[in-house]
Amino acid sequence: MRKKGKKVLNVIFIVVLYLLIQMLISIGIIDSFYELNIVIICINIILAVSLNLITGITGQFSLGHAAFMSIGAYTSAILTAKFNLPFILALFISGFAASLAGIMIGLPTLRLKGDYLAIATLGFGEIVKVIATNTDYIGGAIGFNDIPRYTNWTWVYISVTATVILVKRFVNSYHGRACRAVKEDEIAAESVGINTTFYKALAFAIGAFYAGVAGSLYANYFYFIKPDSFGFMKSIDILITVVFGGIGNIIGSIIGAVSLSIISLSLQDIAELRMVIYSVVLYLIMIYRNNGMFRKRGFKIFKNRKKVKYNVGVISK
């Protein structure tokens, strides 16, 4: 009964929050400037939660998340601007296109770990950027113009809510526990029958899907995209958000995305010092809160490799 009541309260909160902000937008209290920043915050939440699934939950250090976002953005731009497809269809196709790219980069690099995997995904991101820069069909280095503006508060809110709920349910499922096992100790995970290759690829595919959705929302809100918008520094920004909120903490990713977006916004009036202050804040956080501002206790599955029966029970429970 208590869990059911909590679910009902969560649903009420989600609906009330949407209606409240929609009403404030409708009557003009939230103007176009603040609406733009709300959209950016929501997109950053999707990116942070999806990367946390790859890096924080499964332990795969990826620096190519912006590339998945880029694939989703350009796919959506082409489908809506050149083929006039409905936005909801473009949104899903963009996610699946990015997911396919996630599988393509995931499978060949699954033998790599740590820094080597990071370098491989960084290289993938640069490949995507170079291809976009040299493809005239999508505007090349100049960028893709005249993208229909379909993204609004309703679309970003539905997307954020769906991303958080589905990723949270995945993390708490058997498959999510298997992904955590891969992160904790890959050899021990294999010893109890977990297909580590499958779950690494699955994490990349799901994370890339939501990054593609974020890219679609981005493209169909700002009318214009260019390859430089999805470069190496964008991947670093997403990773910083994940680390700031706490590795492996989904709620922390949400709070981290909101917090860093507000910090960046509040420093816009002092543009010459904005990045200096921003960097100092992050430096202090990494020194004094190196597990993130919203740290969470580790998910220890393999306390002793010899206790195989106990481990299987924990994973499948």
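Data table
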quantity	calculated
Which of Val156, Val276 has the fewest Cβ neighbours within 10 Å, and the rest in rising order	Val276, Val156
Cβ-based exposure ranking for Ile103, Ile38, Ile29, in which fewest neighbours within 10 Å come first	Ile29, Ile103, Ile38
Long-range lysine pairs (8 or more apart or interchain), region 37-235, Cα under 13 Å	6
Inter-centroid distance (Cα atoms) of region 170-193 relative to region 207-267, Å	26
Spin-label model distance (nm) - Lys3 vs Gln268, 7 Å beyond Cα toward Cβ	4.4
Computed Rg/Rh of region 37-235, alpha carbon atoms with Kirkwood Rh	0.99
Hydrodynamic radius (Kirkwood) for region 190-250, which is based on Cα pairs only, to one decimal in Å	14.1
Amide H contacts of Asn152 (H built 1.01 Å from N, under 5 Å, at least 5 apart or other chain)	none
Segment Ser279-Ile127, extension gain: residue separation times 0.36 nm, minus the distance between their alpha carbons	51.9 nm
For the chain, size of Cβ-based charge dipole, Lys and Arg +1, Asp and Glu -1, in debye	2120
Expected-Rg normalisation [2.2 N^0.38 Å, Cα atoms] applied to region 101-154	1.57
Residues Cys179, Cys42 arranged by fewest to most Cβ contacts within 10 Å	Cys42, Cys179
FRET efficiency for Asn145 and Ile236, using Cβ-Cβ distance with R0 set to 22 Å, rounded to 0.05	0.25
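Throughout, read-outs are computed from the coordinates displayed, never taken from laboratory work. Since we're looking at a predicted model, the values are computed, not measured. Here the Cβ is made from the backbone with ideal geometry for all residues, glycine too, and neighbour counts use every protein chain on show.
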